[in-house]
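The values are calculated or read from the model by the stated rules, or taken from the named source; none is laboratory data. Just so we're clear, the structure is a prediction, and the values are computed from it rather than from any experiment. Note that each Cβ is placed from the backbone with ideal geometry, even for glycine, and that neighbours are counted across all protein chains shown. The accessibility values were calculated without ligands, DNA or RNA, using every heavy atom of the protein model including side chains. Shrake-Rupley method; radii C 1.70, N 1.55, O 1.52, S 1.80 Å.
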Amino acid sequence: MPRFDVTIAGEVNLDLILYGLPDELPRERELLAEGMTFSVGGSSAIVAHNLAALGSRVGFQSRIGDDDLGQAALQTLQQSGVDVSLVRRVPGAVKTGLTVILQREAWRNMVTYSGTTAELAWDDLDFGYLTDSRHFHCSSFYLQRGLRPRVVELFGKLKQAGLSISLDTNDDPDDLWEGGLKEALRYVDVFLPNGREAQKAAGTGDLEAAVKRLAALVPLVVVKLGREGALAQRGMERFMSPAHSVTTVDAVGAGDSFDAGFLHQYLLGADLSRCLAAGNLAGALSTTRPGGVLAFRDANYRAQFFKEHGLKEGRSGLG
(Lines give C-alpha, C1' and ligand atoms only; values in the text may rest on other atoms or scores of the structure.)
Protein backbone atom coordinates (compact mmCIF):
# COMPACT_ATOMS: atom_id res chain seq x y z
CA MET A 1 0.00 0.00 0.00
CA PRO A 2 1.58 3.33 -1.01
CA ARG A 3 2.03 5.91 1.73
CA PHE A 4 0.10 8.60 -0.17
CA ASP A 5 -2.92 8.82 -2.42
CA VAL A 6 -1.45 11.91 -4.10
CA THR A 7 1.95 13.55 -4.19
CA ILE A 8 2.45 17.10 -5.43
CA ALA A 9 5.63 18.99 -6.24
CA GLY A 10 5.09 22.69 -6.70
CA GLU A 11 4.78 26.15 -5.25
CA VAL A 12 3.55 27.45 -1.94
CA ASN A 13 3.18 31.14 -1.17
CA LEU A 14 0.93 33.51 0.76
CA ASP A 15 -1.98 35.45 -0.68
CA LEU A 16 -2.82 38.91 0.65
CA ILE A 17 -6.32 39.76 -0.59
CA LEU A 18 -7.69 43.29 -0.28
CA TYR A 19 -11.40 44.05 -0.69
CA GLY A 20 -13.39 47.24 -1.21
CA LEU A 21 -10.89 49.15 -3.35
CA PRO A 22 -11.65 51.81 -5.96
CA ASP A 23 -11.39 50.70 -9.58
CA GLU A 24 -8.71 53.30 -10.29
CA LEU A 25 -5.45 53.55 -8.32
CA PRO A 26 -4.18 57.12 -8.77
CA ARG A 27 -0.52 57.86 -8.09
CA GLU A 28 0.71 59.29 -4.80
CA ARG A 29 -2.56 58.62 -3.00
CA GLU A 30 -3.12 56.60 0.13
CA LEU A 31 -6.15 54.45 -0.60
CA LEU A 32 -8.13 52.48 1.97
CA ALA A 33 -9.35 48.89 1.67
CA GLU A 34 -12.54 47.81 3.41
CA GLY A 35 -11.31 44.32 4.22
CA MET A 36 -8.38 41.91 3.91
CA THR A 37 -7.50 38.23 4.17
CA PHE A 38 -4.09 36.58 4.54
CA SER A 39 -4.11 32.97 3.38
CA VAL A 40 -2.07 30.14 1.91
CA GLY A 41 -1.79 30.57 -1.84
CA GLY A 42 -0.17 28.98 -4.83
CA SER A 43 -2.16 26.53 -6.94
CA SER A 44 -0.08 23.52 -5.90
CA ALA A 45 -0.47 24.30 -2.20
CA ILE A 46 -4.21 25.00 -2.49
CA VAL A 47 -4.83 21.67 -4.23
CA ALA A 48 -2.72 19.87 -1.62
CA HIS A 49 -4.47 21.56 1.31
CA ASN A 50 -7.99 20.95 0.02
CA LEU A 51 -7.34 17.35 -1.03
CA ALA A 52 -6.09 16.63 2.50
CA ALA A 53 -9.10 18.40 4.02
CA LEU A 54 -11.36 16.11 1.98
CA GLY A 55 -9.56 13.04 3.32
CA SER A 56 -6.87 12.20 0.75
CA ARG A 57 -3.38 11.27 1.97
CA VAL A 58 -1.20 14.00 0.47
CA GLY A 59 2.58 14.37 0.28
CA PHE A 60 3.90 17.78 -0.75
CA GLN A 61 7.36 18.79 -1.93
CA SER A 62 8.29 22.43 -2.39
CA ARG A 63 10.91 25.05 -1.63
CA ILE A 64 10.39 28.02 0.66
CA GLY A 65 12.55 30.86 1.89
CA ASP A 66 14.00 31.15 5.34
CA ASP A 67 11.30 33.58 6.43
CA ASP A 68 8.09 33.85 8.43
CA LEU A 69 5.85 33.68 5.35
CA GLY A 70 7.14 30.24 4.43
CA GLN A 71 6.76 28.95 7.97
CA ALA A 72 3.20 30.26 8.20
CA ALA A 73 2.29 28.52 4.95
CA LEU A 74 3.74 25.20 6.12
CA GLN A 75 1.84 25.36 9.39
CA THR A 76 -1.43 25.82 7.53
CA LEU A 77 -0.69 22.86 5.26
CA GLN A 78 0.26 20.67 8.21
CA GLN A 79 -2.94 21.56 10.03
CA SER A 80 -4.97 20.27 7.08
CA GLY A 81 -3.11 16.95 7.13
CA VAL A 82 -0.59 17.51 4.30
CA ASP A 83 2.81 15.91 4.86
CA VAL A 84 5.42 18.65 4.43
CA SER A 85 8.39 16.80 5.90
CA LEU A 86 10.47 17.17 2.71
CA VAL A 87 9.70 20.80 1.91
CA ARG A 88 13.09 22.53 1.62
CA ARG A 89 13.67 25.71 3.60
CA VAL A 90 16.49 27.54 1.82
CA PRO A 91 18.26 30.60 3.27
CA GLY A 92 19.34 33.45 1.04
CA ALA A 93 18.06 36.48 -0.79
CA VAL A 94 15.13 34.70 -2.48
CA LYS A 95 12.14 34.61 -0.15
CA THR A 96 8.84 32.75 -0.10
CA GLY A 97 6.49 34.05 -2.79
CA LEU A 98 3.68 36.49 -2.13
CA THR A 99 0.67 37.47 -4.24
CA VAL A 100 -1.27 40.66 -3.54
CA ILE A 101 -4.81 40.37 -4.91
CA LEU A 102 -6.84 43.55 -5.37
CA GLN A 103 -10.35 42.15 -5.44
CA ARG A 104 -13.24 44.08 -6.98
CA GLU A 105 -16.83 42.96 -7.29
CA ALA A 106 -16.46 41.47 -10.77
CA TRP A 107 -12.71 41.45 -11.46
CA ARG A 108 -9.32 41.64 -9.78
CA ASN A 109 -5.69 42.63 -10.19
CA MET A 110 -2.92 40.32 -9.01
CA VAL A 111 0.68 41.31 -8.33
CA THR A 112 3.06 38.45 -7.54
CA TYR A 113 6.56 38.24 -6.16
CA SER A 114 7.36 34.73 -7.39
CA GLY A 115 10.30 34.20 -5.05
CA THR A 116 10.91 30.52 -4.39
CA THR A 117 8.07 29.54 -6.77
CA ALA A 118 10.48 29.77 -9.69
CA GLU A 119 13.36 28.20 -7.72
CA LEU A 120 12.05 24.65 -7.22
CA ALA A 121 14.28 22.40 -9.34
CA TRP A 122 15.03 18.78 -10.15
CA ASP A 123 17.60 18.50 -7.37
CA ASP A 124 14.98 19.51 -4.79
CA LEU A 125 12.89 16.41 -5.51
CA ASP A 126 12.99 13.11 -3.65
CA PHE A 127 11.75 10.46 -6.07
CA GLY A 128 11.37 7.78 -3.44
CA TYR A 129 8.93 10.10 -1.68
CA LEU A 130 7.06 11.19 -4.83
CA THR A 131 6.61 7.64 -6.10
CA ASP A 132 5.34 6.29 -2.76
CA SER A 133 1.90 7.24 -4.05
CA ARG A 134 -0.90 6.23 -6.37
CA HIS A 135 -1.06 9.54 -8.22
CA PHE A 136 0.95 12.68 -8.95
CA HIS A 137 -0.54 16.12 -9.55
CA CYS A 138 1.20 19.11 -11.14
CA SER A 139 -0.09 22.69 -11.07
CA SER A 140 1.32 26.00 -12.32
CA PHE A 141 3.27 24.49 -15.21
CA TYR A 142 4.40 27.89 -16.46
CA LEU A 143 5.41 29.28 -13.06
CA GLN A 144 7.71 26.33 -12.29
CA ARG A 145 10.56 27.87 -14.25
CA GLY A 146 13.26 25.95 -12.39
CA LEU A 147 11.55 22.59 -12.82
CA ARG A 148 9.82 22.96 -16.18
CA PRO A 149 12.84 22.13 -18.38
CA ARG A 150 12.73 18.61 -16.91
CA VAL A 151 9.00 18.14 -16.38
CA VAL A 152 8.76 15.71 -19.31
CA GLU A 153 11.54 13.65 -17.75
CA LEU A 154 9.82 13.87 -14.36
CA PHE A 155 6.50 12.67 -15.75
CA GLY A 156 8.20 9.80 -17.59
CA LYS A 157 9.92 8.66 -14.42
CA LEU A 158 6.68 8.80 -12.44
CA LYS A 159 4.81 6.82 -15.10
CA GLN A 160 7.53 4.16 -15.02
CA ALA A 161 6.91 3.88 -11.29
CA GLY A 162 3.23 3.19 -11.96
CA LEU A 163 1.65 6.50 -10.96
CA SER A 164 -1.20 8.17 -12.79
CA ILE A 165 -0.66 11.90 -13.47
CA SER A 166 -2.90 14.97 -13.57
CA LEU A 167 -1.93 18.42 -14.82
CA ASP A 168 -3.46 21.88 -14.44
CA THR A 169 -1.21 24.31 -16.27
CA ASN A 170 -2.93 27.46 -14.94
CA ASP A 171 -2.12 30.52 -17.04
CA ASP A 172 1.06 31.21 -18.98
CA PRO A 173 2.18 34.75 -18.00
CA ASP A 174 4.09 35.00 -21.31
CA ASP A 175 1.00 33.79 -23.24
CA LEU A 176 3.16 31.56 -25.46
CA TRP A 177 1.87 28.13 -24.38
CA GLU A 178 5.02 26.34 -25.41
CA GLY A 179 7.82 25.06 -23.17
CA GLY A 180 7.25 21.36 -23.78
CA LEU A 181 3.56 21.27 -22.87
CA LYS A 182 2.51 18.93 -25.69
CA GLU A 183 5.38 16.57 -24.89
CA ALA A 184 4.35 16.57 -21.22
CA LEU A 185 0.72 15.84 -22.12
CA ARG A 186 1.79 12.48 -23.56
CA TYR A 187 2.25 11.27 -19.99
CA VAL A 188 -0.85 12.90 -18.49
CA ASP A 189 -3.95 10.91 -17.57
CA VAL A 190 -6.16 13.84 -16.51
CA PHE A 191 -5.78 17.35 -17.94
CA LEU A 192 -7.65 20.05 -15.97
CA PRO A 193 -7.63 23.43 -17.78
CA ASN A 194 -10.30 26.10 -17.74
CA GLY A 195 -11.96 27.08 -21.03
CA ARG A 196 -9.44 29.74 -21.98
CA GLU A 197 -6.46 27.56 -21.05
CA ALA A 198 -7.85 24.66 -23.06
CA GLN A 199 -8.05 26.82 -26.17
CA LYS A 200 -4.57 28.24 -25.64
CA ALA A 201 -3.05 24.80 -25.04
CA ALA A 202 -4.73 23.42 -28.17
CA GLY A 203 -3.85 26.43 -30.33
CA THR A 204 -7.41 27.32 -31.36
CA GLY A 205 -9.97 29.96 -30.47
CA ASP A 206 -12.83 27.46 -30.56
CA LEU A 207 -13.55 25.55 -27.35
CA GLU A 208 -15.15 22.53 -29.02
CA ALA A 209 -12.20 22.14 -31.37
CA ALA A 210 -9.82 22.53 -28.43
CA VAL A 211 -11.52 19.77 -26.44
CA LYS A 212 -11.34 17.40 -29.42
CA ARG A 213 -7.66 18.14 -30.03
CA LEU A 214 -6.76 17.68 -26.39
CA ALA A 215 -8.84 14.51 -26.08
CA ALA A 216 -6.70 13.03 -28.87
CA LEU A 217 -3.63 13.59 -26.67
CA VAL A 218 -4.92 12.86 -23.16
CA PRO A 219 -7.21 10.03 -21.96
CA LEU A 220 -9.37 12.39 -19.90
CA VAL A 221 -9.82 16.13 -20.47
CA VAL A 222 -11.76 18.05 -17.81
CA VAL A 223 -12.60 21.67 -18.64
CA LYS A 224 -13.75 24.16 -15.99
CA LEU A 225 -16.36 26.53 -17.44
CA GLY A 226 -17.11 28.83 -14.51
CA ARG A 227 -20.82 29.61 -14.28
CA GLU A 228 -21.51 27.03 -16.98
CA GLY A 229 -20.14 24.23 -14.80
CA ALA A 230 -17.63 21.74 -16.22
CA LEU A 231 -17.27 19.12 -18.90
CA ALA A 232 -15.24 15.94 -19.20
CA GLN A 233 -14.22 14.33 -22.48
CA ARG A 234 -13.00 10.71 -22.47
CA GLY A 235 -12.48 9.55 -26.02
CA MET A 236 -15.87 10.02 -27.69
CA GLU A 237 -17.76 10.22 -24.38
CA ARG A 238 -18.90 13.64 -23.13
CA PHE A 239 -20.03 14.37 -19.57
CA MET A 240 -21.44 17.67 -18.32
CA SER A 241 -22.12 19.00 -14.83
CA PRO A 242 -23.81 22.30 -13.93
CA ALA A 243 -22.35 24.90 -11.59
CA HIS A 244 -23.86 25.70 -8.18
CA SER A 245 -25.43 29.05 -7.41
CA VAL A 246 -23.82 30.45 -4.24
CA THR A 247 -23.06 33.81 -2.69
CA THR A 248 -19.48 34.50 -3.75
CA VAL A 249 -16.86 36.29 -1.65
CA ASP A 250 -14.08 35.82 -4.21
CA ALA A 251 -12.97 33.25 -6.78
CA VAL A 252 -9.37 32.91 -5.53
CA GLY A 253 -8.40 29.24 -5.80
CA ALA A 254 -11.79 28.10 -7.12
CA GLY A 255 -10.24 26.21 -10.03
CA ASP A 256 -7.68 24.57 -7.73
CA SER A 257 -10.48 23.61 -5.35
CA PHE A 258 -12.34 22.06 -8.30
CA ASP A 259 -9.22 20.00 -9.00
CA ALA A 260 -9.15 18.81 -5.39
CA GLY A 261 -12.81 17.79 -5.38
CA PHE A 262 -12.55 16.05 -8.75
CA LEU A 263 -9.30 14.21 -7.99
CA HIS A 264 -10.45 13.08 -4.55
CA GLN A 265 -13.41 11.28 -6.13
CA TYR A 266 -11.38 10.12 -9.15
CA LEU A 267 -8.92 8.35 -6.86
CA LEU A 268 -11.79 6.72 -4.98
CA GLY A 269 -12.86 5.18 -8.30
CA ALA A 270 -16.05 7.21 -8.69
CA ASP A 271 -17.72 7.57 -12.08
CA LEU A 272 -17.07 10.71 -14.07
CA SER A 273 -20.45 12.24 -13.36
CA ARG A 274 -19.76 12.10 -9.62
CA CYS A 275 -16.20 13.38 -10.11
CA LEU A 276 -17.48 16.40 -12.04
CA ALA A 277 -20.22 17.10 -9.51
CA ALA A 278 -17.70 16.90 -6.67
CA GLY A 279 -15.33 19.23 -8.49
CA ASN A 280 -18.05 21.80 -9.09
CA LEU A 281 -19.18 21.61 -5.48
CA ALA A 282 -15.65 21.98 -4.12
CA GLY A 283 -15.06 24.97 -6.39
CA ALA A 284 -18.33 26.55 -5.28
CA LEU A 285 -17.48 25.97 -1.61
CA SER A 286 -14.16 27.74 -2.07
CA THR A 287 -15.83 30.91 -3.34
CA THR A 288 -18.04 31.30 -0.27
CA ARG A 289 -15.16 32.33 1.98
CA PRO A 290 -12.06 34.43 1.31
CA GLY A 291 -9.04 32.90 -0.39
CA GLY A 292 -8.50 29.39 -1.65
CA VAL A 293 -8.45 27.32 1.56
CA LEU A 294 -10.46 29.04 4.30
CA ALA A 295 -13.79 27.41 3.39
CA PHE A 296 -12.14 23.98 3.64
CA ARG A 297 -10.59 24.64 7.05
CA ASP A 298 -13.93 24.82 8.86
CA ALA A 299 -15.03 21.17 8.96
CA ASN A 300 -18.52 21.90 10.27
CA TYR A 301 -19.16 24.57 7.67
CA ARG A 302 -17.82 22.34 4.91
CA ALA A 303 -20.00 19.38 5.92
CA GLN A 304 -23.11 21.56 6.15
CA PHE A 305 -22.41 23.09 2.73
CA PHE A 306 -22.04 19.66 1.14
CA LYS A 307 -25.21 18.42 2.82
CA GLU A 308 -27.23 21.42 1.63
CA HIS A 309 -26.04 20.86 -1.93
CA GLY A 310 -26.72 17.16 -2.07
CA LEU A 311 -23.40 15.50 -1.26
CA LYS A 312 -22.45 14.23 2.15
CA GLU A 313 -18.93 13.80 3.46
CA GLY A 314 -17.50 10.30 3.58
CA ARG A 315 -16.28 7.83 0.97
CA SER A 316 -19.66 7.81 -0.77
CA GLY A 317 -19.81 11.59 -0.88
CA LEU A 318 -17.31 14.37 -1.46
CA GLY A 319 -15.05 14.08 1.56
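If only one of 158, 143 is closer than 21 Å to residue 73 by Cα and among the aliphatic types (A, V, I, L, M), which one is it? Spell out how you get there, then give the answer.
Working: 158 fails: closer than 21 Å to residue 73 by Cα.
None of the other options fit; the residue is 143.
For residue 222, state whether it is among the aliphatic types (A, V, I, L, M), modelled with pLDDT under 95 and either open to solvent by 10 Å² or more (accessible area, probe 1.4 Å) or closer than 23 Å to residue 56 by Cβ (or both). So that I can check it myself, show each step before the final result.
Details: among the aliphatic types (A, V, I, L, M): yes; modelled with pLDDT under 95: no; either open to solvent by 10 Å² or more (accessible area, probe 1.4 Å) or closer than 23 Å to residue 56 by Cβ (or both): yes.
No: the conditions fail for residue 222.
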Subset of segment 193-207 [touching a Ser or Thr at 6+ places or on another chain (Cβ under 8 Å) and within 12 Å of residue 177 (Cα to Cα)]: 197, 201
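Among the listed residues 59, 42, identify the single one that is more than 15 Å from residue 293 (Cα to Cα) and either of a type outside the set (A, V, I, L, M, F, W, C) or surrounded by fewer than 17 Cβ atoms within 10 Å (Cβ to Cβ) (or both).
Values: 42 fails: more than 15 Å from residue 293 (Cα to Cα).
Every option except 59 fails the conditions.
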Across segment 62-90, which residue is surrounded by the fewest Cβ atoms within 10 Å (Cβ to Cβ) among those that are more than 29 Å from residue 19 (Cα to Cα) and among the polar types (S, T, N, Q)? 85
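What residue, of 267, 263, 276, 285, is at pLDDT 95 or above, touching a His at 6+ places or on another chain (Cβ under 7 Å) and more than 15 Å from residue 43 (Cα to Cα)? Can you show your working first?
Numbers: 263 fails: more than 15 Å from residue 43 (Cα to Cα); 276 fails: touching a His at 6+ places or on another chain (Cβ under 7 Å); 285 fails: touching a His at 6+ places or on another chain (Cβ under 7 Å).
Of the residues listed, the single one that is at pLDDT 95 or above, touching a His at 6+ places or on another chain (Cβ under 7 Å) and more than 15 Å from residue 43 (Cα to Cα) is 267.
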Looking at segment 91-125, which of its residues are among the hydroxyl-bearing types (Ser, Thr, Tyr), surrounded by fewer than 18 Cβ atoms within 10 Å (Cβ to Cβ) and in contact with a Ser or Thr (Cβ under 7 Å, 6 or more places away or on another chain)? 112
State which residue pairs qualify: first residue of a type in the set (Lys, Arg) and inside segment 282-309, second residue open to solvent by 10 Å² or more (accessible area, probe 1.4 Å) and in a loop (DSSP other than H, G, I, E, B) in any location, beta carbons under 9 Å apart, and separation of 6 or more residues or different chains. 289/249; 289/298; 297/289; 302/313; 302/319; 307/313
Of the residues that make up segment 145-155, is at least one part of a strand (DSSP E or B), surrounded by 22 or more Cβ atoms within 10 Å (Cβ to Cβ), among the aliphatic types (A, V, I, L, M) and touching a Phe, Trp or Tyr at 6+ places or on another chain (Cβ under 8 Å)? no
